[in-house]
Amino acid sequence: MSPSTPALVVLLSLAPVLAAAAEGLLAPGAKVERLAGGFKFTEGPAADKEGNVYFTDQPEDRIHKWSVSDERVTTFLSPSGRANGTYFDKDGNLLTCSDEENQLWSVAPDGKTTVLVKEFGGKALNGPNDLWIRPDGALYFTDPLYPRPYWKRSPAMQQDGQHVYFLSADRKDVKRVASDLKQPNGIIGTPDGKTLYVADIGAGKTYAYAVEPDGSLTGKRLFCGLGSDGMTIDTEGNVYLTGKGVTVFDKTGKQIDHLDVPEPWTANVTFGGKDRDLLFITASTGLYGAKLRVKGVR
């Protein structure tokens, strides 16, 4: 065996990985396409167990549904409490950051709504924006301040800052778990429930935390020097950030791809479709999609 053989074996074993990296995350021949339009401002996409994707149009106070069966968009709920970010729980309920009254809702499949969180410390929240449910059913949500023209309350902040909160699985305990961020917005966790990513859009950075069983967050570290409106994650651990198009970072925080979207602002992303290999992008007045070579976590 020649001295160069081991190196050759290593290079050959890495060839598929290097080829995939060079090709990017889009599936062969795929591109970002507009699936639906005519909305005021799309946000908060989330996929149910079948892969149908629900997304919000906050100015119009509606939640829409993109169907796997016919790829058409219909209205699921109106009014929606001015829903923003959303996420499905294991029972098929759509949890929504409904900031008309600065609340967190649970919406049953039949559209019946239940208020899960309506205040903290006896004061109104700023306006829950995005959330992530960890494997045991407990959840985290961000609470930045974006004064809305439809608020009946004062636009002044009633909390002492813009923070991240934890809601226990039994929905009885709400506590603040991150209070050193400027303006937390997008949030997503790993499927094992051990790592939480929080985008501080006000500071233009995204941080990673270790998730403790009691909901507390430890080991804060800088993940990447980019903030985000919404976020998602795929089965390879890549994290998708939004704002100007979709920018993708691997689990080490290295940028590996960027998808251009022909809209002024990209608000949020999620994986959906029957095989969870379709990336859905809510961007300004439209809903966009692209087939990827990777899949989103279920």
Angle between the chain longest axis and helix 5-23 axis [Cα atoms, degrees, rounded to 10]: 40 degrees
Computed helical MRE - 222 nm, the chain, DSSP H runs ≥ 4 contributing -39500 (n - 2.57), nearest 500: -2000 deg cm²/dmol
Relative contact order, percent, the chain [alpha-carbon distance under 8 Å, six or more residues apart]: 17 percent
Among 83, 46, 124: highest mean-square fluctuation, GNM of the chain, C-alpha pairs under 10 Å: 124
Ratio Rg/Rh, restricted to region 184-298 and using Cα atoms, in which Rh is the Kirkwood radius: 0.96
Cα gyration tensor, region 38-170 - rounded (a/c under 1.5), prolate or oblate: oblate
Cα gyration tensor shape for region 115-263, rounded if a/c is under 1.5, else prolate or oblate: oblate
Dipole moment magnitude, nearest 20 debye, region 25-291 about Cα centre, only Lys, Arg, Asp, Glu C-beta charged: 400 debye
For region 25-291: rounded, prolate or oblate by the Cα gyration tensor [a/c cutoff 1.5]: rounded
Flagged links, alpha-carbon separation over 26 Å, of 65/254; 31/251; 123/152; 251/295; 123/251: 65/254; 123/251
Mean-position separation - Cα centroids, region 117-154 and region 42-82, in angstrom: 20 Å
277, 214, 130, 70 arranged by Cβ crowding within 10 Å, fewest neighbours leading: 70, 214, 277, 130
Pairwise centroid distance, computed over Cα atoms, of region 249-298 with region 165-191, Å: 23 Å
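Computed from the coordinates by the stated procedures, all read-outs in this text should not be read as laboratory data. Everything quoted here is computed from the prediction, not taken from an experiment. Cβ sites come from the backbone with ideal geometry, for glycine too, and all protein chains shown count toward neighbours.
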